[in-house]
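Before any comments, here is the structure.
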Amino acid sequence: MLVLPVVVLVGLGLGREGLTPPHLLDAVVAVEIAHDHITMRDSAPAGTIELVVTNHDSVPHGLAVRAVGATVPIAALRAPVRPGGSAKEQVTLAPGAYEVYCPDAARRLKHRLVVLGKRLPYDRDR
């Protein structure tokens, strides 16, 4: 009996250019805020992404995005997210490294987000 290896590709989109990694297809980024940390994925596609923020802490939290090394945010939530609440914000980001952070200096919560490449036109409808 001959046994051949089988390769299974799960979660990859197939387009004109070949296989597209899932992190370049998904323009929705879940952001979980807790007492002492922010949990989210580490990469996102270039272009407009939607941050879906959930606050699991007992105090309100804001959220802002700035380029690594910058002092001024390029985007921020319109209002802090109440404990147990959630909010959505769209931001357009070019490829590069960014900090997603709570703007309350006392909390010092932040997470690095690397924005990769450019979503291809055929990936926008997924």
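Read the figures in this text as sums done on the coordinates, not as results from a lab. Everything quoted here is computed from the prediction, not taken from an experiment. FYI the Cβ positions are ideal-geometry reconstructions off the backbone, even for glycines, and counts take in every protein chain you see.
Side notes on the structure shown:
- The range 24-123 shape via C-alpha gyration tensor axes, a/c threshold 1.5: prolate
- Considering only the range 24-123, percent of DSSP beta bridges that pair antiparallel, nearest 5: 70
- Residue among HIS35, ALA64, ALA87 farthest towards the positive dipole end of the range 24-123, charges placed on Cβ: ALA64
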